[in-house]
1. Is the range B:99-109 home to any residue that is in a strand (DSSP E or B), in contact (Cβ under 8 Å) with a residue 12 or more places away in the chain, buried (at least 16 other Cβ atoms within 10 Å of the Cβ) and within 11 Å of chain A (Cβ to nearest Cβ)?
2. Among the numbered criteria (1) at the interface with chain B (Cβ under 8 Å from one of its Cβ atoms); (2) in a helix (DSSP H, G or I); (3) within 22 Å of residue B:35 (Cβ to Cβ), which single criterion is violated by residue A:116?
3. Just need a number here: residues in the range A:156-186 that are surrounded by fewer than 17 Cβ atoms within 10 Å (Cβ to Cβ) and either in a helix (DSSP H, G or I) or modelled with pLDDT of 95 or more (or both).
4. Restricted to the range B:81-98, and to residues that are within 13 Å of another protein chain (Cβ to nearest Cβ) and touching a strand residue (DSSP E or B) at 6+ places or on another chain (Cβ under 6 Å), which residue is surrounded by the fewest Cβ atoms within 10 Å (Cβ to Cβ)?
5. Looking at (1) outside any loop (DSSP other than H, G, I, E, B); (2) in contact (Cβ under 8 Å) with a residue 12 or more places away in the chain, which one does residue B:26 not meet, given that it meets all the others?
6. Looking only at the range B:52-75, which residues are surrounded by fewer than 20 Cβ atoms within 10 Å (Cβ to Cβ) and either touching a helix residue (DSSP H, G or I) at 6+ places or on another chain (Cβ under 6 Å) or not in a loop (DSSP other than H, G, I, E, B) (or both)?
7. Among the residues of the range B:399-422, how many are part of a strand (DSSP E or B) and either farther than 21 Å from residue B:355 by Cβ or not assigned by TED's automatic domain parsing to the domain that holds residue B:185 (or both)?
8. Go through the range B:121-151 and give me each residue that's closer than 23 Å to residue B:46 by Cα and within 11 Å of chain A (Cβ to nearest Cβ).
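The values are calculated or read from the model by the stated rules, or taken from the named source; none is laboratory data. Owing to the predicted nature of the structure, the values given are computational and were not obtained by experimental measurement. Neighbour counts are summed over all protein chains in view; Cβ atoms, including those assigned to glycine, are modelled from backbone coordinates with ideal geometry.
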């Protein structure tokens, strides 16, 4: 009897959960679980000659709704036309931004890969792995500053072999500072300020 | 009901944690192929008498023997510190040294004894990783040097050093057809001495697990018989002889049993010999030939060669269940198997394209790698740290029997100098000098 009750309770929980999640009561952003999803980039605005930018925009705008002095156009029609134009511009603008955002997301993934391989290469060049009979692996957490210098290194998960752990720590100590890690600040903050380095013999 | 509820909560926690820990992971699987660079500063000598051996020379020779280490020459050093305070890490870093070894040989209150104090330092992290004081006789300076090599090797590589171990072998000089000599030697070829000489064949020496005795087969009575000889005294005792062949002794890891081959049931089978009760008990009873047993490091099973399938192959027998399993399926000749200390890998003689090689076989994955590229490789024996294999082979140029070695990764090969050109049946000792 008790078993039946437990089963019923579990199935009820699952069903309630399903119904609730399908009605999107949890506000789950399904996109976020996709492999190629990444967070929108925080924008770093640089104000440089703002007047020039506004002039340009004005120019385009003025061109589009410039009124020929001799034409006889209803003012109402003219306003409608202008509205349409603005809408079109707006939709075009929004389209380009989503496209460019997607592009930067992809770019960001590539950049993470690129900088990861740069780090990997520099560690590989100095890591002298000891002889190991077992399949060891050690995980270290590295903290960097934007110049590439290693501030701190901690053992997150030991391999169980002192010699193997030490070989990884020595490799990191030898690198001291990663070269060629010039990247946008947000990319660094999101991925490389703290990251996990896994050493495996094979 | 509550249990299932907790299970769900637990499941949700696990799921959520995988999404939360999305920190970047970079995996490093390959490293630099360069040897580990060690600098050993000549130890400060605080004795009145002149040293008989230089420790740094012994250690350099030891560590460089398998090409895993490169040891800096004292001439290339910028300073000779003997204390930690005297070290300028920057200098050693410039010399690309990974580990620095410093120390001194000190007087002891006991006459004829010395104390050696030394440290191993990690140059890139400026850390003392090992500090020790070892005591010994002035006369045993060389042995102490090998002992220091073992400790350094263990600290840096994570597996025991084997520079204090020895190798037993049978010497049959080319010049004398009727002379057999059971000998033992240090692995650097020094301290080679004879244990037992006979004008009848001597076969398959095997070390006891404590390294104090050697079991072997001798034909001195006209037929084969297994003997055990104590190294310190030279005393010999014979095992109870049975009709037919008595061969291939192999000690159990606890030292209480020997496994061997007897043919008293008309065809060779594996037997167990209880060293306390001096009694034989059969392990296998097949009409095929079962031979060359070796104990697994945990003592629970044995591997042996059998031709029960038509060709020689390797089989494993579980001693408690007596269940037998075939282990090799590749090729038509696999024989003389030996376990590695991890118990997960074995080595054996494998014939490929008509040539006999030493093969390494992973028992879990079944992966086979050929370790040697010489010609007639036979009777492999594994070093107690599992990293080096010694085997008998033929030198094709001089047509003599030699002992050759190879590291388990197949990268480094070496030849053990043999005086007479007739060395065969090598057996690597267990770790002899504990530390």
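1. Taking every residue of the range B:99-109 in turn, at least one turns out to be in a strand (DSSP E or B), in contact (Cβ under 8 Å) with a residue 12 or more places away in the chain, buried (at least 16 other Cβ atoms within 10 Å of the Cβ) and within 11 Å of chain A (Cβ to nearest Cβ).
2. Unmet condition: (3).
3. Taking the range A:156-186 and keeping what is surrounded by fewer than 17 Cβ atoms within 10 Å (Cβ to Cβ), we get A:156-158, A:160, A:162, A:176-177, A:179-180, A:182, A:184-186.
Those still in the list that are either in a helix (DSSP H, G or I) or modelled with pLDDT of 95 or more (or both) too: A:162, A:185-186.
Adding up the residues that qualify gives 3.
4. Of everything passing the filter in the range B:81-98, B:96 is surrounded by the fewest Cβ atoms within 10 Å (Cβ to Cβ).
5. (2)
6. In the first step, residues of the range B:52-75 are kept if they are surrounded by fewer than 20 Cβ atoms within 10 Å (Cβ to Cβ); the result is B:52-54, B:57, B:61, B:64-65, B:67, B:70, B:72-75.
Listed by number, the residues that qualify are B:52, B:53, B:57, B:61, B:64, B:70, B:74, B:75.
7. Restricting attention to the range B:399-422, the residues satisfying the condition of being part of a strand (DSSP E or B) are B:400-407, B:413-416, B:422.
Next cut, either farther than 21 Å from residue B:355 by Cβ or not assigned by TED's automatic domain parsing to the domain that holds residue B:185 (or both) only: B:416, B:422.
Final tally of qualifying residues: 2.
8. Hit for the range B:121-151 is B:130, nothing else.
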